[in-house]
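The values are calculated or read from the model by the stated rules, or taken from the named source; none is laboratory data. Everything numeric in this text was worked out from a predicted model, so none of it was measured. Positions of Cβ are generated from backbone atoms using ideal geometry, with glycine treated the same way; all protein chains shown enter the neighbour counts. SASA here: full protein model, heavy atoms, side chains in, ligands and nucleic acids out. Shrake-Rupley method; radii C 1.70, N 1.55, O 1.52, S 1.80 Å.
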Amino acid sequence: MTLTGVVGLLAAALFAVGCSDSVSPVVPEFDTAPTVVEVTGLGQIGTGSPSAGNNVQTFDFDVKADLTGTLTYTDYSIPGSLQVGPTFPGTGITAFRTSSNACSDPTKGAEFDGTGQVVGEAEQLNFTVAVCDNGPAGSGLDFFTFSAPSISYSKSGMLTGGDIVKSTTSSPATGQLTATTTTTGTSLPSGY
């Protein structure tokens, strides 16, 4: 039964027994479900095949504004790879921005910061990723940039393969509802 139905039944019951409410009824206010922004991407920047020595960078990520997500980034010109996810202790997404000035239309982009594990090394690295969802898959309009300022590293470009998607969804609201009422009047029935 909905809250409106419960309130209606309670009002009918109170009216039927001749009770009065000394306070004006209050219309309940409800919070809306929070909006969750997510960016996903699978693709590459640079031309040629992703093989050792080529100036090609590949990425695979799924990151949400609630700071959850995964990222695999590989630069074949180094070669080197960085990974973020629950199977890599100490890694994670540390900040998320729902727009990006790297995009001609900032609302089509997002940026996230994190700490990743350099594969095969003991070191972890702080990084920033900026993405732009500028068109459909394969259009070559999407943009990706990866930077690690502590090692003066930055690669960016239009996608030469793959796609980036920015989406917005509403998550279901959960919580607890408590209703309290006070009844005054004469001739009140017992036990209700």
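With bins 5 Å wide starting at 0, give me the P(r) of segment 78-156 over every alpha carbon pair, in whole percents.
3, 15, 22, 22, 17, 13, 6, 1
For the residue pair Thr168 and Ser152, what label-to-label distance in nm results when each label sits 7 Å from Cα along the Cα-to-beta-carbon direction?
So the label points at Thr168 and Ser152 sit 4.0 nm apart.
For segment 32-112, what class follows from the C-alpha gyration tensor (a ≥ b ≥ c being the square roots of its eigenvalues): rounded when a/c is under 1.5, otherwise prolate if a/b is larger than b/c, else oblate?
On the way: a/c = 2.90, a/b = 1.50, b/c = 1.93.
In terms of gyration-tensor shape, oblate.
Can you pull the accessible area of Glu121 for me, 1.4 Å probe, Å² to the nearest 10?
100 Å²
I'd like to know how segment 39-175 sits against the 2.2 N^0.38 Å rule of thumb: what's its Cα Rg over that expected value? Don't skip to the end; give the middle numbers.
Values: Rg = 14.7 Å, N = 137, 2.2 N^0.38 = 14.3 Å.
That works out to 1.03 for segment 39-175.
Check which residues have an amide H placed less than 5 Å from Thr94's amide H, if you skip close sequence neighbours.
Excluding prolines and chain starts, which carry no amide H, the hits are Asp113, Gly114, Thr115.
Just report the Cα centroid separation between segment 66-124 and segment 148-171, whole Å.
8 Å
Once the piece of chain linking Ala122 and Thr98 is laid out straight, how much longer is it, given 0.36 nm per residue of separation minus the C-alpha distance between them?
Details: separation 24, 0.36 × 24 = 8.64 nm, distance 3.16 nm.
Gain on stretching Ala122 to Thr98: 5.5 nm.
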